[in-house]
1. With respect to Gly168, is the statement that it is open to solvent by 10 Å² or more (accessible area, probe 1.4 Å), at positive phi and in contact with a helix residue (DSSP H, G or I) (Cβ under 9 Å, 6 or more places away or on another chain) true?
2. Give me a count of the residues in region 84-141 that are aliphatic (A, V, I, L, M) and either in a helix (DSSP H, G or I) or in contact with a Pro (Cβ under 8 Å, 6 or more places away or on another chain) (or both).
3. Starting from region 1-19, keep only residues that are at negative phi and surrounded by 15 or more Cβ atoms within 10 Å (Cβ to Cβ), then list their pairs with residues that are modelled with pLDDT of 95 or more and assigned to a helix (DSSP H, G or I) whose Cβ atoms are within a distance under 6 Å, requiring at least 6 positions of separation or different chains.
4. Return only the number of the condition from (1) charged (D, E, K, R); (2) more than 16 Å from ligand 2 (Cβ to nearest atom); (3) out of contact with any helix residue (DSSP H, G or I) (no Cβ under 8 Å at 6 or more places or on another chain); (4) farther than 24 Å from Gly33 by Cβ that Arg144 does not satisfy.
5. Just one of (1) within 20 Å of the chain's Cα centre (by Cα); (2) part of a loop (DSSP other than H, G, I, E, B) trips up His155, so point out which.
6. Just to be sure I understand, how many residues within region 183-194 are within 16 Å of ligand 1 (Cβ to nearest atom) and in contact with a Pro (Cβ under 8 Å, 6 or more places away or on another chain)?
7. Any residue that is touching a strand residue (DSSP E or B) at 6+ places or on another chain (Cβ under 9 Å), within 16 Å of ligand 1 (Cβ to nearest atom) and open to solvent by less than 80 Å² (accessible area, probe 1.4 Å) - is there at least one of those in region 128-145?
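The values are calculated or read from the model by the stated rules, or taken from the named source; none is laboratory data. Since the model is a prediction, treat every value here as computed from it, not as a measurement. Neighbour counts run over all protein chains shown; Cβ positions are idealised from the backbone, glycine included. Surface accessibility is based on the protein's heavy atoms, side chains included, excluding ligands, DNA and RNA. Shrake-Rupley method; radii C 1.70, N 1.55, O 1.52, S 1.80 Å.
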Amino acid sequence: MDSNSQAITVKNSTKRFGKLVVIDDVSFAVNKGEVFGFLGPNGAGKTTTIRMLTGILTPDSGNIRIHGLDITKDPIRAKMAMGVIPEAGNVYGDLTARQNLALTGKYYGLSKNTIFERAEELLTKLGLHERGNDLVRTFSKGMRQRVSIACAIVHEPKILFLDEPTEGLDVQSRRLIMGTVNRMNKQGCTIFLTTHNIEEANRFCEKICIINKGKIAAIDSPERLKSTFDKTQTIEVSFNQRIDKESLSDESIYSIEAFGDKLRLYTDNPDRAVKRLVALAQEQELEIISLITCGPSLEEAFVKLTGGEK
Ligand SMILES: Nc1ncnc2c1ncn2[C@@H]1O[C@H](COP(=O)(O)OP(=O)(O)O)[C@@H](O)[C@H]1O
Ligand SMILES: [Mg+2]
């Protein structure tokens, strides 16, 4: 691959804490403009990787480049190109939202006017305009995280690093944050997103890297990961009344689970399974309230790759 098209290039990087090898000879590249998901269970090494990529931790060996700049040799220039939302958050509680933005903007060398314009725009887009002059320590977790993303993008970075940005947030904050991430990406910003939320990775990422115990288990598009590791299809159905699971037994359906008011059927032959459902509805004069077929799931691929249960 042409290295000019790469926003992030990681070669044979290793990080140890004492004797523990936390990142084990990892190599991967992220293309410019890509939404790259870094997915792994807790303790897999996601935060450690982000901290190496953003110049907070130095790898014990290997080479990391950000837009061609070596992060250990040229840290300032590399850092100017990036915005970071760290795992623990990085906003000052004793400053207001506007003061946080002003301070960050100043750190990146922006003019007063630019800071003012961008701060107002970001506060508005993130639903914080009215609270802009309140101390951040009076904010909810979701609001603090919105200040954090505003600060991370005030200098219009080329790459945005986000470490589990929506973990434990309310729906509104989650949407405002992921909406902002999407908007940044549409303007050409590369997105590096760590998450253990498989659905979020599936929805937002063009490419997913699955990391497990410090090693890369797979890198591919979500759809290819799914079809490689899982051939199972699921069907969700709900009828207007309860039915006996046994009455649905068919060789095309290899397991049935009840989920709330729905039944979830696992099959490798969705055509036959759906016909069986319709026939049953006719036989027993049931009304089908909803019927959804879903392809293989990323969750299944993830569990297989990270050696989880079953
Ligand atoms: N500063 C540190 N000192 C010692 N061990 C650490 C340190 N930071 C992380 N670890 C260990 O490294 C592993 C990976 O951690 P981390 O990168 O935070 O995982 P993740 O973000 O995927 O949950 C874990 O086993 C963790 O306990
Ligand atoms: Mg982490």
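1. yes
2. As a first pass, look at region 84-141 and keep what is aliphatic (A, V, I, L, M): 84-85, 88, 91, 95, 97, 101-103, 110, 115, 119, 122-123, 126, 128, 135-136.
Next, from what is left, pick out any that are either in a helix (DSSP H, G or I) or in contact with a Pro (Cβ under 8 Å, 6 or more places away or on another chain) (or both): 85, 97, 101-103, 115, 119, 122-123, 136.
Summing the residues that are aliphatic (A, V, I, L, M) and either in a helix (DSSP H, G or I) or in contact with a Pro (Cβ under 8 Å, 6 or more places away or on another chain) (or both) in region 84-141 gives 10.
3. Once the first residue is at negative phi and surrounded by 15 or more Cβ atoms within 10 Å (Cβ to Cβ) and sits in region 1-19, its partners that are modelled with pLDDT of 95 or more and assigned to a helix (DSSP H, G or I) give Lys15/Thr48.
4. (3)
5. Result: His155 fails condition (1) only.
6. 1
7. Scanning region 128-145 turns up no residue that is touching a strand residue (DSSP E or B) at 6+ places or on another chain (Cβ under 9 Å), within 16 Å of ligand 1 (Cβ to nearest atom) and open to solvent by less than 80 Å² (accessible area, probe 1.4 Å).
Rundown of residues vs (1) over 30 Å from Glu300 (Cα atoms); (2) within 16 Å of ligand 1 (Cβ to nearest atom); (3) assigned by TED's automatic domain parsing to the domain that holds Arg146; (4) at pLDDT 95 or above, yes/no style:
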| residue | (1), (2), (3), (4) |
| --- | --- |
| Asn12 | no, no, yes, yes |
| Val26 | no, yes, yes, yes |
| Lys32 | no, no, yes, yes |
| Leu69 | yes, no, yes, yes |
| Ala97 | yes, no, yes, yes |
